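J.: Mind looking over this structure? Questions follow.
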Amino acid sequence: MKSIKTILILFSIIIIAQCTKEDDKTFKISTDAVGKLDKTSLARDLDLIYENDSVVRDTIQSNFGNGSSKIKIYEKGGALLLTLTPNTDSIPTIQNVLINDKRFKTDKGISIESTFKDIQEKYEIKKIITSINNVIILLKDSDIYFTIDKAQLPDNLRYQANTNIEAVQIPDAAKIKYLMVGWD
């Protein structure tokens, strides 16, 4: 009888512990969500979503009726968390999310403090796009993408805008300049 009672008590403790363990998504990045924000969040609802934070809209754009071109989300302490770009639909949702705070991490542990080697070890790279000053890394089956400054590349690749850069040419220690999520 005592062993059954002990098993029931242990089982109850385990159930209670599992129920109280809450998965904090405040700083998690996935394909469908960035922290409190998800793919279907409306731009007009940002004040509700971030009621404990500060939402700063570009007032010049808002006054001319074009909607806000950039919306910045600041933590109450003043730290910039996210820079959001809404789409231009009649009911705008968020199109792009720029991660500004190092506490945000992907489900595979990548943050703005990670390196190209970290990206390669955790994700499959779909495509690398070269621009004048940056290299953009697109991931397979993900809306998350990374930008690396060309200053992180070898000298012979920095000053050529039309050069196709391959993953093997990017140094492992190259730091992430921007971590973004782009939703259609």
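The values are calculated or read from the model by the stated rules, or taken from the named source; none is laboratory data. Given the structure is predicted, the values throughout are model-derived calculations rather than measurements. When we count neighbours, we look across all protein chains shown, and the Cβ atoms used for this are built from the backbone with ideal geometry, even at glycine.
J.: For residue 85, which of the numbered conditions (1) modelled with pLDDT of 95 or more; (2) touching a Lys or Arg at 6+ places or on another chain (Cβ under 7 Å) fails to hold?
T.: Status for residue 85: all satisfied but (1).
J.: Follow-up. If a residue has to be touching a Pro at 6+ places or on another chain (Cβ under 9 Å) and among the hydrophobic types (A, V, I, L, M, F, W, C) to count, how many in segment 72-87 make the cut?
T.: So the count comes out to 0.
J.: Only one of these is at pLDDT 95 or above, among the hydroxyl-bearing types (Ser, Thr, Tyr) and out of contact with any Pro (no Cβ under 8 Å at 6 or more places or on another chain): 90, 69, 111, 142. Name it.
T.: Details: 90 fails: at pLDDT 95 or above; 69 fails: at pLDDT 95 or above; 142 fails: at pLDDT 95 or above.
None of the others qualify; the one that does is 111.
J.: Output the qualifying pairs, or none if there are none: Cβ atoms under 9 angstrom, residues six or more apart or on different chains, first residue in segment 54-81 and at positive phi, second residue modelled with pLDDT of 80 or more and in a helix (DSSP H, G or I).
T.: Listed by first residue and then by second, the contacts come to 67/43.
J.: Can I ask one more? Within the bounds of segment 109-119, is there any residue that is in a strand (DSSP E or B) and farther than 19 Å from residue 182 by Cβ?
T.: Residues of segment 109-119 that are in a strand (DSSP E or B), as a first pass: 115.
Restricting the remaining residues to those that are farther than 19 Å from residue 182 by Cβ gives 115.
Scanning segment 109-119, I find at least one residue that is in a strand (DSSP E or B) and farther than 19 Å from residue 182 by Cβ, so the answer is yes.
J.: While we're on this one: Just give me the residues in segment 82-115 being more than 17 Å from residue 56 (Cβ to Cβ), touching a residue at least 60 places away in the same chain (Cβ under 8 Å) and in contact with a helix residue (DSSP H, G or I) (Cβ under 8 Å, 6 or more places away or on another chain), in sequence order. Spell out the reasoning first.
T.: In the first step, residues of segment 82-115 are kept if they are more than 17 Å from residue 56 (Cβ to Cβ); the result is 87-91, 93, 95, 102-115.
Keeping just the survivors that are touching a residue at least 60 places away in the same chain (Cβ under 8 Å) gives 93, 95, 103-107, 110-115.
Listed by number, the residues that qualify are 93, 106, 110.
J.: Same structure again: Report yes if residue 122 is touching a Leu at 6+ places or on another chain (Cβ under 9 Å), closer than 30 Å to residue 168 by Cα, assigned by TED's automatic domain parsing to the domain that holds residue 172 and without any contact (Cβ under 8 Å) to a residue 60 or more places away in the chain, otherwise no. If you could, list the steps in order and put the result at the bottom.
T.: Numbers: touching a Leu at 6+ places or on another chain (Cβ under 9 Å): no; closer than 30 Å to residue 168 by Cα: yes; assigned by TED's automatic domain parsing to the domain that holds residue 172: yes; without any contact (Cβ under 8 Å) to a residue 60 or more places away in the chain: yes.
For residue 122, the condition - touching a Leu at 6+ places or on another chain (Cβ under 9 Å), closer than 30 Å to residue 168 by Cα, assigned by TED's automatic domain parsing to the domain that holds residue 172 and without any contact (Cβ under 8 Å) to a residue 60 or more places away in the chain - is not met.
J.: Something else about it: Residues being at pLDDT below 95 and under 14 Å from residue 110 (Cβ atoms): count how many of those fall in segment 146-156.
T.: Here the count works out to 0.
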